[in-house]
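Participant: Sharing a structure with you now.
The values are calculated or read from the model by the stated rules, or taken from the named source; none is laboratory data. Note that the structure is a prediction, hence the values are computed from the model and not measured. Every residue, glycine as well, gets a Cβ built from its backbone with ideal geometry; the counts of neighbours run over all protein chains shown. Accessible surface is based on the protein model in full, side chains and every heavy atom, while ligands, DNA and RNA are left aside. Shrake-Rupley method; radii C 1.70, N 1.55, O 1.52, S 1.80 Å.
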Amino acid sequence: MKRLSLRAGVMLALAAIFMLGLTFFLVLYVSNANSWAMHAGNTHIYTNGEFTGGGDVLDRNGKVLATTKKNKRVFNSDTTIRLSTLHAVGDANGFISTGVQTAFRDKLSGYNLITGLFSSTSGFNDVTLTIDSNICAAAYQALGGYKGTVGLCNYKTGELLCMVSTPSYDVNSKSDLKRAKDGELEGVFMNRFLSATYAPGSTFKIVTAMAAIENFDDAYTRTYNCKGGGEIGGETVKCTGYHGDISLEQAFAVSCNSYFSQLAVDLGAKTMTEYAEKFGFNKKYDLDGISAKTSSFNVDKARKIELGWAGIGQYNDMQNPLQYLTSVTGIANGGTPIKPYLIKSVKNSWGFTLKSGSAKKGRRICSGDTAEKVAKLMDGAVRITYYKSSFPGLDVYGKTGTAEVDGKTPHAEFIGYCKDDDYPFAFVVVVEEGGSGNYLAKNVANQVLQAAKQSYQK
Amino acid sequence: MQQLELIYFSAVRFILPALTVLMLIISVKTVLHHLKRKTLARFAIENYENVVEIKSAECMIGRSILCDVRLKNPTVQKEHAVLTLTDDGFKLTPASRQAEVFVNNYKVDDEAYLQSGDRIRVGGSTLQIAVNPAINMKASYKADHAQKQCRACNAVLLTLFQLLTVICYILHSPKTALTTMAVFGAIMALEWIYLPIRGFKSNVGVEIMAFFLTTVGLCVSASKSSELLIKQGIFFAAGLLAFIFMGLLLSHLNAVDKLRIPVMVLALLLFFYNCFFGTVVYGAKNWVSVFGFLFQPSEFIKVALVFVSASALDKMLKMKNLITFLGFVFICLLCLAYIRDFGAAAIYFAAMMVILCLRLCDLKIVLGLGGAALAGCLFIIRFIPYITDRFATYLHAWDYASSGGYQQTQTMMSIASGGLFGLGPGNGNLNRVFAADTDLVFGVISEEFGLLFSLCVVLCFVLYVVYASVSIPRTRSIYYAVTASAASAIFLFQTTLNLFGSVDLLPLTGVTMPFVSNGGSSMIAAWMLLAFIKLGGSQYVVLRSKEAS
Ligand SMILES: [Zn+2]
């Protein structure tokens, strides 16, 4: 029996191997359970591949944007609201991966590692968004069939009030979905506000101006000559006007390409890169964890003339609307941005708040002094070129951009904010192939701002 | 869901795992409680030069370091003689033909019974035996009294668990409330008839754990349909009867030894019948229909395999004994390959390896056999097309979530959906998936009762293995040691294949989880195997009173 007792160790070894396997499974479970539970085959929250296992998605005023009725996902009854909030809310099939219904389906269904999907028997969670469906609808209508995006947030609280991306499709219409799937609506499943990047055009002059203010003692007095263009190393950067000898404040207001391209060359590639990155280029941004496409600025291999182009937002510069909006809140807040957020609150079926969004400060983009100076430049630009009267009842500071795209009508862009404690709105507007920023983008911005103002007056 | 129902479910999902964890902790306490072994006899070696105490009912005398009575004399064989405590007293058997043994100067040819004071000559050594007069030959099934409260407490916890669960099912489907109450009521009644009769003094922890596992199995059935629940309830009663019968049979070692060959022959006949007249169900021809009842012979032959796997130490040392056993297993494996039941073949083979290891075969042979089999399996998996197909989705289940990996991915989704505490009994969706009540039971119970609970369930099988392992040194005969270990190892292997197969860490082979998976053959066979574990832990020599040391 002595030998047998020794061999009994084999049995304990078997038990140990089993325990090891079990541990391996548990590690796998802890790291993957969320994606297992959220798989489209999970019948607790999906019906025929359609996400139905979530509570309501509401806008900031409590308007229901999406809900589940009788195992079917039902969206808001107003067509314009459906179209304008599509990319924020998302669809039931998960085509729009950055939509709340897909990106936050675990929050909507109330899933967590400890209690699993017990909410599937007791009632799902409701998610309230920071967006205002009326502002979104206004923005959708303002874009008037153009492709593009509008983002608008409260730069004091960080609440994202409006996030619209076009083209859009109606989730209630089968033919719309078919057109979307057939690729007739270019990039319809993409939320341009998060996942697109555009050449910044003249809006980038803000960055170049910032670099000059902080690096040149004579920033306000130095002048460059504009003869309908500026000469750099034998080549020319074309300007929209014939500005003669011009200084910073004027050049910013009239958006003189000659001035800023020569300024960028004098600042040098290293300084320009430093300030672009301070402003948010080449840095990762996210909206409540949904990551955005990264803005890029790279002049490492640029020739002199290319650096000049880069200084006025051309060459290979790319901006992402979320990053731009965040940086605008930085200028409005004296150098420190506020990160926009989308999830206002998550409540369970008993009305208990599980999570509520709040303002979080971002990385400083410039000193308070510089921010004030840049703000003044933006104020001047509106005063002289875009006119304050274009925005009735609002004191808008901003900068337009016209991003040249090879062989196409340029994209129109407008970024800025309202200097008003009652209406602290920061905004970014991109109208694809919208022509000059001074025209279409400005009008879109105004219409959205008016809608936002109206909403805040209520 | 109704408000009242919701509140009940919200509370119960935490209470049920808590009860289970408590039961498991108490079980661990009773299992690990080690009995102190008593001295049964003393050997005075070479005129009291050295005194050896005999504490096992079967021991080996020889020169090897692994012998219980070690004689450092070159004239003694490595394994020279076997001493066995039988119903008629101590029996001495020469271990081999070359080993010469004399008792009181008479040469022992076959066997000799010893009395206190007998002088034994083994090779060139002499020993004198002194038998402890307090040995009670007839005593068995007598555990220590210290753990009595623990067992009674576990039985009460189990009943509480059953009551809370029944209420869940009644709330969930009031239409079938009567059936549910009837079946669960009958089960509880059976338990409370059986346990007091057997007595909490004896080691009924083994049965209580099986009652718990069976209850979990009944829950799996109840979640699916009430007809299934009734069926499983009947199978449970049959299993309990089979368990009692096996227990009685196994306590008579002589009868077991006489039945060894007949059982082998019967088992093989059944297998041959299966091979030629079997019914094909889902690709494997592992069903046999008798008088309209479908059953799986391989489940019962598994019991036979354990039954014939060993003998008392003196008989087991004979070469013939080992060869008949190996021959039997080999034919069984061929039959299983023929009917394409590869899950069962894996179980049989694993059981054989454990048995060989504990039968004190040369470890080199055991390892060699294992290696060869592994190579053979890999060859089969790689080169036989219809088996290769089966493995196509293995480890890639998520890539085939709607086809070949459907069952596994659904299981994983359900486990994740259940979280740690589950969605409540009856609230699962996995039971709608094909074969969920047999192959995917781990997922079904995780989804409804939570991962914490289902972990406790599989830990019960680990506990059986540990229990068998700690009973080895104190058991009356190597037969009980080997069979208890083999039975518990089979439980653990089945659980391993079932659990890890359902979550795609092993290929899905359709092996059942003992007691928990639905099915009559599997349930009854599990209870029969349990008898081996029970006997392994209770067949030991009891001394008449405390005065004997
Ligand atoms: Zn100019």
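Participant: Would you check if A:Arg364 is surrounded by fewer than 23 Cβ atoms within 10 Å (Cβ to Cβ) and assigned to a helix (DSSP H, G or I)?
Facilitator: It is false that A:Arg364 is surrounded by fewer than 23 Cβ atoms within 10 Å (Cβ to Cβ) and assigned to a helix (DSSP H, G or I).
Participant: I'm checking my understanding of the structure. Among residues of segment A:199-248 that are more than 33 Å from the chain's Cα centre (by Cα), within 14 Å of the ligand (Cβ to nearest atom) and of a type in the set (Val, Ile, Thr), which one is surrounded by the fewest Cβ atoms within 10 Å (Cβ to Cβ)?
Facilitator: A:Thr223
Participant: State yes or no: is B:Pro514 touching a residue at least 40 places away in the same chain (Cβ under 8 Å) and farther than 27 Å from B:Gly247 by Cα?
Facilitator: no
Participant: Criterion first (open to solvent by 10 Å² or more (accessible area, probe 1.4 Å), within 16 Å of the ligand (Cβ to nearest atom) and out of contact with any strand residue (DSSP E or B) (no Cβ under 6 Å at 6 or more places or on another chain)) does A:Glu186 satisfy it?
Facilitator: Taking the combined requirement at face value, the residue does not satisfy it.
Participant: Which condition breaks for B:Ser521 when tested against (1) free of Cβ contacts under 8 Å to residues at least 24 places away in the same chain; (2) over 20 Å from A:Ala8 (Cα atoms)?
Facilitator: B:Ser521 satisfies every listed condition except (1).
Participant: Of the residues in segment B:73-119, how many are of a type in the set (Val, Ile, Thr), under 17 Å from B:Arg42 (Cβ atoms) and free of Cβ contacts under 8 Å to residues at least 40 places away in the same chain?
Facilitator: Counting residues in segment B:73-119 that are of a type in the set (Val, Ile, Thr), under 17 Å from B:Arg42 (Cβ atoms) and free of Cβ contacts under 8 Å to residues at least 40 places away in the same chain gives 1.
Participant: Please verify whether A:Ser84 is farther than 30 Å from B:Gly536 by Cβ, touching a residue at least 24 places away in the same chain (Cβ under 8 Å) and in contact with a His (Cβ under 9 Å, 6 or more places away or on another chain), treating the condition exactly as stated.
Facilitator: So A:Ser84 does not fit the description; no.
Participant: Which of the residues belonging to segment B:241-254 are open to solvent by 40 Å² or more (accessible area, probe 1.4 Å) and part of a helix (DSSP H, G or I)?
Facilitator: Within segment B:241-254, B:Leu241, B:Ile244, B:Phe245, B:Leu248, B:Asn254 meet the criteria.
Participant: Please go through segment A:114-143 and pick out each residue that is within 14 Å of chain B (Cβ to nearest Cβ) and not in a helix (DSSP H, G or I).
Facilitator: A:Ile114, A:Thr115, A:Gly116, A:Leu117, A:Phe118, A:Gly123, A:Phe124
Participant: Can you name the number of the only condition in (1) assigned to a loop (DSSP other than H, G, I, E, B); (2) open to solvent by less than 10 Å² (accessible area, probe 1.4 Å); (3) among the hydroxyl-bearing types (Ser, Thr, Tyr) that A:Tyr29 fails?
Facilitator: Against the list (1) assigned to a loop (DSSP other than H, G, I, E, B); (2) open to solvent by less than 10 Å² (accessible area, probe 1.4 Å); (3) among the hydroxyl-bearing types (Ser, Thr, Tyr), A:Tyr29 comes up short only on (1).
Participant: Now for a separate question. Hey, can you tell me all the residues within segment B:466-486 that are surrounded by fewer than 24 Cβ atoms within 10 Å (Cβ to Cβ) and either within 7 Å of chain A (Cβ to nearest Cβ) or touching a strand residue (DSSP E or B) at 6+ places or on another chain (Cβ under 8 Å) (or both)?
Facilitator: Correct list: B:Val466, B:Pro473.
Participant: Please verify whether A:Gly53 is more than 14 Å from every other protein chain (Cβ to nearest Cβ) and open to solvent by less than 30 Å² (accessible area, probe 1.4 Å), treating the condition exactly as stated.
Facilitator: It is false that A:Gly53 is more than 14 Å from every other protein chain (Cβ to nearest Cβ) and open to solvent by less than 30 Å² (accessible area, probe 1.4 Å).
Participant: Out of B:Ile415, B:Ile355, I need the residue that is under 30 Å from B:Glu79 (Cα atoms), modelled with pLDDT of 90 or more and within 12 Å of chain A (Cβ to nearest Cβ). Which one? Break it down stepwise before answering.
Facilitator: Numbers: B:Ile415 fails: under 30 Å from B:Glu79 (Cα atoms).
It is B:Ile355.
Participant: Something else: Which numbered condition trips up A:Ser291, out of (1) within 16 Å of the ligand (Cβ to nearest atom); (2) open to solvent by 10 Å² or more (accessible area, probe 1.4 Å); (3) not aliphatic (A, V, I, L, M)?
Facilitator: Going through the list (1) within 16 Å of the ligand (Cβ to nearest atom); (2) open to solvent by 10 Å² or more (accessible area, probe 1.4 Å); (3) not aliphatic (A, V, I, L, M), A:Ser291 breaks only (1).
Participant: A further question follows. Kindly establish whether A:Lys278 is away from the ligand (no atom under 16 Å from the Cβ) and in a loop (DSSP other than H, G, I, E, B).
Facilitator: When the stated conditions are applied, A:Lys278 does not pass them.
Participant: Sticking with this structure for a sec: Which numbered condition in (1) assigned to a loop (DSSP other than H, G, I, E, B); (2) at the interface with another protein chain (Cβ under 8 Å from one of its Cβ atoms); (3) crowded, with 24+ Cβ neighbours inside 10 Å is the only one that B:Val511 fails?
Facilitator: (2)
Participant: Further question: Only residues that are surrounded by fewer than 17 Cβ atoms within 10 Å (Cβ to Cβ), part of a helix (DSSP H, G or I) and among the small types (Gly, Ala, Ser): list them for segment B:277-334, please.
Facilitator: Hit for segment B:277-334 is B:Gly327, nothing else.
Participant: Among residues belonging to segment A:249-271 that are of a type in the set (Phe, Trp, Tyr) and near the ligand (Cβ under 10 Å from one of its atoms), point out the one that is farthest from the other protein chains (Cβ to nearest Cβ).
Facilitator: Here the residue is A:Tyr259.
Participant: Condition test on A:Lys70, is it surrounded by fewer than 23 Cβ atoms within 10 Å (Cβ to Cβ) and at pLDDT below 90?
Facilitator: Working: surrounded by fewer than 23 Cβ atoms within 10 Å (Cβ to Cβ): yes; at pLDDT below 90: yes.
It is true that A:Lys70 is surrounded by fewer than 23 Cβ atoms within 10 Å (Cβ to Cβ) and at pLDDT below 90.
Participant: Also, I was wondering about something else. Which of the residues belonging to segment A:378-396 are touching a residue at least 60 places away in the same chain (Cβ under 8 Å) and either β-branched (Val, Ile, Thr) or assigned to a strand (DSSP E or B) (or both)?
Facilitator: Within segment A:378-396, the first condition is being touching a residue at least 60 places away in the same chain (Cβ under 8 Å), and the residues that meet it are A:378, A:380-381, A:383-385, A:393.
Across segment A:378-396, the qualifying residues are A:Ile384, A:Thr385.
Participant: Given (1) open to solvent by 10 Å² or more (accessible area, probe 1.4 Å); (2) within 14 Å of the ligand (Cβ to nearest atom), where does A:Gly308 come up short, assuming only one miss?
Facilitator: (1)
Participant: Kindly indicate the residue of segment B:36-93 that is in contact with a helix residue (DSSP H, G or I) (Cβ under 9 Å, 6 or more places away or on another chain), away from chain A (no Cβ under 14 Å) and among the β-branched types (Val, Ile, Thr) and also nearest to B:Leu253 (Cα to Cα) among those meeting that condition.
Facilitator: Checked segment B:36-93; the qualifying residue nearest to B:Leu253 (Cα to Cα) is B:Thr86.
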